[in-house]
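First up is the structure itself, then whatever we jot down about it.
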Amino acid sequence: MDNIRIAFFDIDGTLVDFHTKRISPNTLEALRRLRARGVILCLATGRSPLTLPRFPGFDFDAFLTFNGSYCYDSSQVLFRNPIPHEDVKKLIENAALIGRPVCVATHNRLAANGTDNDLSDYFRIAGIEVDIADDFDKLLQEEVYQLMLGCYKPEYSAVMEGVRHAKIAAWWDRAVDIIPANGGKGIAIEKLLEHYHLEPAEAIAFGDGNNDIEMLQTVGTGIAMANASEQLKAVADKVCGHVAQDGIYHYCLEQGLI
């Protein structure tokens, strides 16, 4: 795998163990060794830029946040893809009809019109609390890159009723991220490959959730974690070890990437 020049990593369940909420020393070492080989390292996550974890003594080259709707590096925004305002409004109205509060995400704010147990627990996965904002309606005038709400699969159709330019990207069974219909991690990776003048064959990606399906299909080598969803494993080129057992580290070692 000497041709790999860029690597994309989901965070929760891929780099960070859901139970410990931390990256393991071996996984961090794998990142450092990949960097030493000159591989460009990118986070690709449903998280907001505000909730990205800090890894000791290490930073990534690029960040694909909101499932790829807002991408940037240390000096510039590389790609932005907001949800149309009319769809944001419709989604919030639909959610209200089924009693679901909503959090909207701009590039520098996460603000909600309320919360419930599912939304609060969703936020706690990232180690933060839901911010119920007094200026929620005013915030809707800004570019919104993602909406988040507690939502089970039987509720999906009610939430998306009449919405034309947005779609659900779910990796947890109690909540959803809603992103642009023409968005997703796969589209963002295409933009990043174009930016770095690289081909898909030169890219590898690691993920564990259904929102990683397009990501694994876009790169030349798509790797699902052992703890990944069955749907993701079905589209992956290979399955590596469990996040709790340093799956990324051992895969990179076995394949001669580090």
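The values are calculated or read from the model by the stated rules, or taken from the named source; none is laboratory data. Remember, it's a predicted structure, so these values are computed and weren't measured experimentally. A quick note on method: Cβ atoms are made from the backbone with ideal geometry, for glycine too, and the neighbour counts reach across all protein chains shown. The accessibility values were calculated without ligands, DNA or RNA, using every heavy atom of the protein model including side chains. Shrake-Rupley method; radii C 1.70, N 1.55, O 1.52, S 1.80 Å.
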Q: Enter the accessible area of ARG35 (Å², nearest 10), with the probe set to 1.4 Å and all protein chains included.
A: 90
(Q) Using helices alone, I'd like the mean residue ellipticity at 222 nm for the chain: each DSSP H run of four-plus residues gives -39500 (n - 2.57), total over residue count, nearest 500. (A) -8000 deg cm²/dmol
Q. Taking the Cα centre of the chain as origin and charging only Cβ (+1 Lys, Arg; -1 Asp, Glu), how large is the dipole, in debye to the nearest 20?
A. 320
Q: Compute, for VAL235, the solvent-accessible surface of its heavy atoms (probe 1.4 Å) with the complete set of protein chains present, and express it in square angstrom to the nearest 10.
A: 50
Q) About its Cα centre, what dipole magnitude does the stretch 118-258 give when the only charges are +1 on Lys and Arg Cβ and -1 on Asp and Glu Cβ, stated in debye to the nearest 20? A) 380
Q) Tell me, what ³J(HN,Hα) does each residue in the stretch 192-200 have, in order and in whole Hz, if you take phi through Karplus 6.51 cos²θ - 1.76 cosθ + 1.60 with θ = phi - 60° and put x for Gly and Pro? A) 5, 4, 5, 4, 8, 6, 10, 9, x
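For the stretch 1-117, what is the accessible area per residue in Å², given a 1.4 Å probe and the full set of protein chains?
Working: 5040 Å² over 117 residues.
Accessible area per residue: 43 Å².
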Q. Quick one: Cα centre-to-centre distance for the stretch 227-258 and the stretch 68-108, in angstrom?
A. 31
Q: Report HIS242's accessible area, 1.4 Å probe, all protein chains in place, as a number in Å² to the nearest 10.
A: 60
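So, counting K/R as plus one and D/E as minus one, what does the shell of residues with Cβ under 11 Å around TYR196 add up to?
Details: positive: ARG5, LYS191; negative: ASP61, ASP73, GLU194, GLU199, GLU202.
Overall, the nearby charge balance is -3.
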